[in-house]
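Some notes on the structure that comes next.
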Amino acid sequence: MFFGDLGTMQVLLPAVSAEAIEFSQSLLAPLQEQNHRASDALIPTLCCYLANGRNTSRAAKQLEVHPNTVNNRLERIAQLTGKSLDDTDHLLDLRLALMIQEVLSNSPTGVAVNRERVA
């Protein structure tokens with residue numbers, strides 16, 4: 001994959017600041033703590049829900065769970081983060097936090113990224 005193919009991610013890659021990392025970690029921390037219980041799977045559910053255009057039926061099918069399970073997890077996510085999944089600003093916060101974590105997890109140093117080619 002080339003840097004230019006990353007879309008929104010190419011804006012984040014050179015600009016992941018300490019503040020952005022703190023923002024992401026503080027927002028996602030309650031979900032990560034809950035993820036220790038295998039039945040919750042909150043972060044994967046949130047990622048799948050967003051990747052499927054906020055369609056709970058498609059997310060449930062991909063996650064191989066009942067749509068009510070997805071809805072229950074989404075309610076738990078909203079409770080733990082204080083973010084409404086019906087509010088576009090809150091959705092942006094959650095998506096941005098997930099993107100920052102993705103950038104950090106794909107970067108060996110947690111920040112540095114080759115602008116020419118991203119593996």
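The values are calculated or read from the model by the stated rules, or taken from the named source; none is laboratory data. Please read all numbers here as calculations on a predicted model, not as lab measurements. Glycine also receives a Cβ, built like all others from the backbone with ideal geometry; neighbour counts cover every protein chain displayed.
Points worth noting:
- Taken over the stretch 64-119, residues that are modelled with pLDDT under 95, among the aliphatic types (A, V, I, L, M), closer than 17 Å to residue 24 by Cα and outside any helix (DSSP H, G or I) amount to 1.
- Evaluation of residue 19 against (1) over 19 Å from residue 92 (Cα atoms); (2) exposed (fewer than 13 other Cβ atoms within 10 Å of the Cβ); (3) at pLDDT below 95 (one fails), failing number: (1)
- The single condition among (1) at pLDDT below 95; (2) in a helix (DSSP H, G or I) that residue 39 does not satisfy is (2).
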